[in-house]
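Shown next, in structure tokens, is the structure this report addresses.
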Amino acid sequence: MTLLSPVAAAFEGLRTMRRHPVSVLAWAGFSLVMLPLLGLLAKLVLGEQDRANLALRSSSADPREILDFVSRVGGVMILLILLALVLGAILSAAIMRSVLRPQERGWAYLRVGREDLRLLVVALIHWAAALMVAVIPGGVVALGTALLGDSPAAGWFGFLGGLTVIGLSTWVAVRLSLLAPHAFISGHIDPRAAWLLTHGQFLRLLGMIVIVIVTCLIVSILGTTISSIVGAVIAGGLEDPIAGGPAASHPRLILALLANLLLAPVFLTLQAVIVTAAPAAAFRQLAGGEA
């Protein structure tokens, strides 16, 4: 049985950045264009009042308020989520293509076809799995804990139930981690085959995922630091804004905000490369000739 190298798989994203820097820049440009468009679409279709309600409901613990809001804007939210998943599938397909089929360069490996559609369906499967093993069980644990009140049993129920949900979610996430690259290469979506491919590799795949998470955190910290430095350099002297004018109208502040808005999609793209390339490399190791 082939044994996975979790470190090699986890760092495939960094190697992809080194091998295809122009493609990574093109993916960042794709994100730089699509993410603001998605935000603008959300702003247009939701409206100011719905956005305000969404901000309020996000911190609400009353299920009736949440259900009321979802019943009014649920269709719009589903449309926006599907659009975001489509854009994510196109980007993920390009990254996987660079790892599993590097000879199919095209234009930065970006194209729209059946592979992108399969990855969209895989994303929906992952969402459904998360709903079944994390969201619904987590809600049951929260409800049970609330019904038990302040009794000692409530604490134990919440603690053991939380551990169970975390364990089940982790197990399913690891066992389905190769579904996307398997669907990309095989040309069909077969959760059972992808599940069996992870047999005997659970701890190694889990180690790969942990390394990927840590790497993404480092990239996030690096991105925040660079954005802060760039913003501070551009906004130098902001402590003495235009006399009598609001700080928001200061040209340097506007430039600093624009710089941060431009840098954010770049670092999000780098994280996407790390997250997507790792399971693709793991599949290539385990599948052997099939890959």
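The values are calculated or read from the model by the stated rules, or taken from the named source; none is laboratory data. Keep in mind it's a predicted model, so treat the numbers as computed, not measured. All Cβ positions, glycine included, derive from the backbone under ideal geometry; neighbour counts span all protein chains shown.
Things worth noting here:
- Some residue of region 170-189 being free of Cβ contacts under 8 Å to residues at least 12 places away in the same chain and assigned to a helix (DSSP H, G or I): no
- Applying the condition of being closer than 23 Å to Arg204 by Cβ and of a type outside the set (A, V, I, L, M, F, W, C) to region 1-29 and asking which residue is farthest from the chain's Cα centre (by Cα) yields Thr2.
- Any chance Gly237 is among the small types (Gly, Ala, Ser), modelled with pLDDT of 65 or more and on the phi > 0 side of the Ramachandran plot: no
- Positions within region 190-204 being in a loop (DSSP other than H, G, I, E, B), within 13 Å of Ala287 (Cα to Cα) and free of Cβ contacts under 8 Å to residues at least 24 places away in the same chain, in sequence order: His199
- Restricted to region 76-125, and to residues there that are polar (S, T, N, Q) and in contact (Cβ under 8 Å) with a residue 12 or more places away in the chain, the residue that is surrounded by the most Cβ atoms within 10 Å (Cβ to Cβ) is Ser92.
- Test: Ala193 is touching a His at 6+ places or on another chain (Cβ under 7 Å) and farther than 19 Å from Phe30 by Cβ: yes
- Residue within region 126-134 that is surrounded by 15 or more Cβ atoms within 10 Å (Cβ to Cβ), closer than 20 Å to Leu35 by Cα and either within 19 Å of the chain's Cα centre (by Cα) or touching a residue at least 12 places away in the same chain (Cβ under 8 Å) (or both) present: no
- Residue within region 56-65 that is at pLDDT 90 or above, out of contact with any Asp or Glu (no Cβ under 8 Å at 6 or more places or on another chain) and either more than 22 Å from Ala277 (Cα to Cα) or of a type in the set (Lys, Arg) (or both) present: no
- Taken over region 76-119, residues that are farther than 21 Å from Ile274 by Cβ and not in a loop (DSSP other than H, G, I, E, B) amount to 13.
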